[in-house]
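Visitor: Starting off with a structure, shown below.
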Amino acid sequence: MTDPEDRDDLFDDANGDLAIGDLESAVGKYRRCIQIDPDFFDGWHALGMALMKTGEIKEAIGAALKATTLKPNDLLAWTSLSQMYVQDGQIAEAENAKGKARILSLGGKIVRDADE
């Protein structure tokens, strides 16, 4: 297994690629980050956002769902997921995710069902 420092360096490189608009390179590096550490929330969230920017909405939603599973009380993760659902035309799902973001913004917590 690669050590977490390599994951973090790779993540920083991917963020740099994203900043200069090299989306394909960023996506590839974010994918490697989550291969190294499948529970890396920041990697899943960033991958979802980069995929959304490349138009890969279905895959972006999958990455965002993984991020919300890893950190169900992360406001930004739910907000991002809602945006992705809107782009995909899944309005009911977008409203549901937006509602969870709203709960978190008011200081509440999201409780995941055991079967989710």
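Visitor: Tell me whether segment 70-78 contains one or more residues that are under 26 Å from G108 (Cα atoms), outside any helix (DSSP H, G or I) and among the polar types (S, T, N, Q).
Guide: yes
Visitor: Inside segment 94-104, can you point out the residues that are under 18 Å from the mean Cα position of the chain (by Cα) and either more than 16 Å from A67 (Cα to Cα) or of a type in the set (S, T, N, Q) (or both)?
Guide: E95, N96, G99, R102
Visitor: If I filter segment 79-102 down to residues being assigned to a helix (DSSP H, G or I) and of a type in the set (D, E, K, R), which single residue comes out as surrounded by the most Cβ atoms within 10 Å (Cβ to Cβ)?
Guide: In this case the residue turns out to be K100.
Visitor: Can you report the number of residues in segment 30-61 which are out of contact with any Leu (no Cβ under 6 Å at 6 or more places or on another chain) and closer than 14 Å to L81 by Cβ?
Guide: Going through segment 30-61 one residue at a time, the tally reaches 11.
Visitor: What's the number of the condition D12 fails, among (1) of a type in the set (D, E, K, R); (2) surrounded by fewer than 18 Cβ atoms within 10 Å (Cβ to Cβ); (3) closer than 28 Å to I110 by Cα?
Guide: Exception for D12: condition (3).
Visitor: Can you name every residue in segment 22-43 that is over 14 Å from L10 (Cβ atoms) and part of a helix (DSSP H, G or I)?
Guide: Those that are over 14 Å from L10 (Cβ atoms) and part of a helix (DSSP H, G or I): L23, E24, F41.
No lab work stands behind these numbers, since they all come straight from the coordinates. This one's a predicted model, so the numbers in the text were calculated from it and none came from an experiment. As a convention, Cβ positions derive from the backbone with ideal geometry for all residues, glycine included, and neighbour counts pool all protein chains shown.
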